[in-house]
Amino acid sequence: MRRHVSVSRYLGDLLLGSDPDMRLRLGQTGLALLLMLMGMAVVLWAAWALDRPRGPLYLWTLSSLLAIVLVYMTIRCGWSRHFRDPSLTLPQMAIAIACSASGYALMGPVRAIAFPNLLIILMFGMFGLRARSALGISIYALLAFGLSMAVMTSISPETYPATVELAHFMMLVIVVPAVSVLSERLSRIRRRLGQQKQELAVALEQIQRMAAHDDLTGLLNRRHMQVLLEQEAQRSLRSGQGFCLALLDMDHFKRINDRHGHAAGDAVLRALSDTAQTVLRRSDVLARWGGEEFVLMQAGTTISLARATIERLREQLARVALDYGDDFPRISFSAGLTEHLSGECVTETLERADRLLYDAKAQGRNRVVAG
């Protein structure tokens, strides 16, 4: 069974490639080739049943197959990537229409077989075309079939009567533009749906970000941080390696809000967030825990190195100057730092960090107490 799957995968990669976009393009081209082969089989059968000359039909079949295989190889080898449309939609449609129009001239009494084939080509290819391209390929189809009808009427009027060919052409003049308009409208709907899908994806990403981040500071919010803490605790339990956890609280935050306004308090919180991005490691996670309180998780480090990082953050934050008057205090925070022990509940670690934070406040603020 495995060998069968591996052989199928190998053949699929050989014929369609491994690139998803290329596989899609070649899949569409392969479907067009299959439809063309089925149509040719019907034409050849009809020629055999009606005892029509088969030599020209064999030559037509061979040249048509060579044309579509050439398009397939152009896409498979990657040459089509140099074009604006790597799927080569217009060239494929032009070749298929030319094959149908030339086949019409060879089919004699069963030439009406070419009309459904033409409609399949138009419907198959026009989903990806703009209005101007759809109009152009429609005019091309009418010219190709009109030329074929005119030539065969002059060469073999007994098989291709002028009145019948004129009726055929008038019907094509009615049907082909209608199919073109319908296909273009469907293509427009498809593009609109694709745009809406992209907009929904962007909106979903924004919603997910809003659900996980604090609006004011851009940091993770408490709910998402709790999930990360539990995940880190589980990882610590498996590996036996702990991590450091710190509670940070902005000093005199209520006084800042009362004296300088809530805008100043918001600026203080954003200053901590901005400064943390320049000091902390990429693996460190800082979250707004609530109000003026923050939680910092540092994995893969010792408590002494974790304390050095927080001290550096505290010193950098003290250099930030906010323009809210000469009496605006220097920005500072107090922190309680501890190490999460393997097998310990995260709540216990947070409670211990909270007690250490209380000690830092009691000792005069603007300091880090570790334990």
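The figures follow:
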| quantity | calculated |
| --- | --- |
| Residue ID - farthest from PRO109 (Cα to Cα), chosen from residues in the stretch 35-74 that are surrounded by 15 or more Cβ atoms within 10 Å (Cβ to Cβ) and free of Cβ contacts under 8 Å to residues at least 24 places away in the same chain | THR74 |
| Qualifying positions in the stretch 235-273 - under 12 Å from ILE331 (Cβ atoms), charged (D, E, K, R) and not in a loop (DSSP other than H, G, I, E, B) | ARG270 |
| Candidate set: the stretch 310-326, residues that are in contact with a helix residue (DSSP H, G or I) (Cβ under 8 Å, 6 or more places away or on another chain) and of a type outside the set (Lys, Arg); chosen: the one surrounded by the most Cβ atoms within 10 Å (Cβ to Cβ) | LEU313 |
| Counted residues, the stretch 207-234 - those being modelled with pLDDT of 85 or more, assigned to a helix (DSSP H, G or I) and either of a type outside the set (Asp, Glu) or in contact with a Ser or Thr (Cβ under 7 Å, 6 or more places away or on another chain) (or both) | 11 |
| Residue among LEU228, LEU247 that alone is closer than 23 Å to GLY336 by Cα, in the same structural domain as ILE331 (by TED's automatic domain parsing), touching a Phe, Trp or Tyr at 6+ places or on another chain (Cβ under 9 Å) and not hydroxyl-bearing (Ser, Thr, Tyr) | LEU247 |
| Members of the stretch 331-371 found to be part of a helix (DSSP H, G or I) and either of a type outside the set (A, V, I, L, M) or in contact with a Lys or Arg (Cβ under 8 Å, 6 or more places away or on another chain) (or both), listed by number | THR347, GLU348, THR349, GLU351, ARG352, ASP354, ARG355, TYR358, ASP359, ALA360, LYS361 |
| Scan of the stretch 308-332 for residues that are under 29 Å from GLN234 (Cβ atoms) and touching a residue at least 60 places away in the same chain (Cβ under 8 Å), ordered by number | ILE310 |
| Test: residue in the stretch 306-322 that is under 18 Å from ASN366 (Cβ atoms), of a type in the set (Ser, Thr, Tyr) and part of a loop (DSSP other than H, G, I, E, B) | no |
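This table checks each residue for (1) farther than 23 Å from ILE120 by Cα; (2) in the same structural domain as PRO116 (by TED's automatic domain parsing); (3) under 45 Å from the mean Cα position of the chain (by Cα).
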{"site": "ILE139", "(1), (2), (3)": "no, yes, yes"}
{"site": "LEU142", "(1), (2), (3)": "no, yes, yes"}
{"site": "MET149", "(1), (2), (3)": "no, yes, no"}
{"site": "THR153", "(1), (2), (3)": "yes, yes, no"}
{"site": "LEU166", "(1), (2), (3)": "no, yes, no"}
{"site": "MET171", "(1), (2), (3)": "no, yes, yes"}
{"site": "ILE174", "(1), (2), (3)": "no, yes, yes"}
{"site": "PRO177", "(1), (2), (3)": "no, yes, yes"}
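Every residue, every condition in (1) surrounded by fewer than 14 Cβ atoms within 10 Å (Cβ to Cβ); (2) more than 34 Å from the chain's Cα centre (by Cα), yes or no:
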position: ASP258; (1), (2): yes, yes
position: LEU272; (1), (2): no, yes
position: THR278; (1), (2): yes, no
position: ARG282; (1), (2): yes, no
position: ALA287; (1), (2): no, no
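The values are calculated or read from the model by the stated rules, or taken from the named source; none is laboratory data. Here the structure is a predicted model, which means the values were calculated and not measured. Cβ coordinates were reconstructed from backbone atoms using ideal geometry, including for glycine residues, and neighbour counts include every protein chain displayed.
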